[in-house]
Each structure stands twice: as C-alpha cells, then as structure tokens.
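Okay, structure first, notes after.
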Amino acid sequence: YEISACLVGSEMCNKRQLKENFGVNIKYYAVVDFSSFATIIDSLFPSGVQIDAQFSTINGKKMDEVPVPDDLASTDGALPSDKTLTANQAAELGYPDGGGTFMMIKQGPQKMNGRTLLNYARFRHDDKGDFGRVARQQQVMQTIISKAKNPMSLFTGSSAIGTARAVTMTNIPNSFFLTTGLATLFGMSGGVQSTTIPSTNDWKNAYDKYGGLGLSINMSKYKALSQELLGQ
C-alpha cells in the first residue's frame, strides 16, 4: 500500500512532487509537525525508544557528545540540560545559522524521548550533511516500526493511538488503519523498505534556472527505482 509520510510540509505538495518527478501515485498521506512527532513518540513509547545514535565527524573532528539544535526550545522552552552557544561557538562547529539552544546528544546506544528523537532525526550539520540526516531519519523510522511490531515494547493502547491520530494530518480512514494498516504492519517480515535518492556520490552539482544550487541526477533511473519501491 502506497502511503507517503512526511515530518513537515504540505501533503498536496509531497503527493504532487512524487507524481511529477517519479510517476508515483500516493493514495494515503500522513503529515506530522515537530511538536506532533514528539507527542506521538511519547504517547506510544512512554519509556522511550532505544536507538544507537550515530554521527559523522564535525569539521573533521569526531565528537563523543554532539550539540544538536533543539527545535522545540522556542515553543516549549529550553531544557535544563540544553546548552546555549554563541554565534562564534556555533560557527566553529559548522553551524551557518548562528548560535542558539542546543541539545547535547551522546554517540552510541541510548534511550530517547520524542523531543530527543526529533532533534536527532533532523540533525544535518555533521560532515555528511543532508545524506547523514537522511540516514538518521531512515534509522528512526525503522526503529519505530520495529518497536511497534513488538507487543512487549509497545506499552500503549487505544488512547495512545487516538492521541497519535489526533495530532496527525492524514486522509487514512480509521477502518483502513484498524484492518489493512495493522495487518500490513505486523505482517512485514523484512521490516521497512527504504532507499536514498540519489545514492551517495551518484549526482552532480548543478544550478536551476533561477540560479539556485541543486543536484543533477539520473531521473530515469530513480523514477524506475521509485516505482519499484512504492508502486505506480
């Protein structure tokens, strides 16, 4: 079943982009913003999500504890464990947008609540840039689905499912989720299928007609790959 899930954005925009660029028709969608993502994780997994945090080097330096922008600090307030960096301190770590409030996340296995998992998934300032962020987002989604399939790790009931649905913009009907959706989830023996478009080093830098820098990729190749993964 073709379901498009995005952390932030317009559901119509994502559906249109998939159709125009890759020829994939998405029937169902789910859109979750920052705060909603954290709420859903904490509702479904009140004891946290076990994950192996992996960061690349930052400006060529391997760090045991990485300062990650705390995306909810401006709306929900800073945490006592957060760290404030000046613009100069942030620049030394490769942050182009100045200083601010940062959550310190250690490398390696640990339990993360919804807010920490959100910040981890969105981090893009190590030396792998957006490719590193994509890898972390795939890791987070695979971990969440794996935990959701394990009754011993999902200590929630209908109230948590209701909370998740209440804060998610989606066109998935309840009947689909409770029948086909759950059956599909628990029947996935191979876990989540994922890919990265484009693959590492399979692109060239190029400018669009407005002068913006982007990536030039083999659209025919990735259109076929997308249709194989998501269906037409």
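The values are calculated or read from the model by the stated rules, or taken from the named source; none is laboratory data. Worth saying up front: this structure is predicted, and the values here are computed from it rather than measured. A quick note on method: Cβ atoms are made from the backbone with ideal geometry, for glycine too, and the neighbour counts reach across all protein chains shown. Note: accessible area is taken over every heavy atom of the protein model, side chains too, but ligands, DNA and RNA are not part of it. Shrake-Rupley method; radii C 1.70, N 1.55, O 1.52, S 1.80 Å.
The residues of the stretch 37-78 expose on average 46 square angstrom of accessible surface per residue, using a 1.4 Å probe on protein heavy atoms. Rounded to the nearest Hz, the phi-derived 3J(HN,Hα) couplings of the stretch 127-144 under the Karplus curve 6.51 cos²θ - 1.76 cosθ + 1.60 (θ = phi - 60°) are 6, 8, x, 5, 5, x, 5, 4, 4, 5, 5, 5, 4, 5, 5, 5, 5, 5, where x marks glycine and proline.
If the segment from GLN227 to ASN171 were pulled out straight at 0.36 nm per residue, it would be longer than the present Cα-Cα gap by 18.0 nm.
The stretch 64-143 and the stretch 209-232 have Cα centres separated by 28 Å.
For the residue pairs LYS27/LYS209; LYS19/LYS128; LYS27/LYS128; LYS106/LYS128; LYS27/LYS204, the alpha carbons lie more than 22 Å apart in LYS27/LYS209; LYS19/LYS128; LYS27/LYS128; LYS27/LYS204. The overall shape of the stretch 1-147 is prolate: from the C-alpha gyration tensor, with semi-axes ordered a ≥ b ≥ c, the ratio a/c is 1.5 or greater and a/b exceeds b/c.
Which FRET efficiency, nearest 0.05, do LEU79 and GLN107 yield, Cβ-Cβ r, R0 25 Å? According to the calculation, E is roughly 0.80.
Protection proxy ranking of 120-131, 196-207, 35-46, by the mean of other Cβ atoms within 10 Å over each peptide's residues and highest first, is 35-46, 120-131, 196-207.
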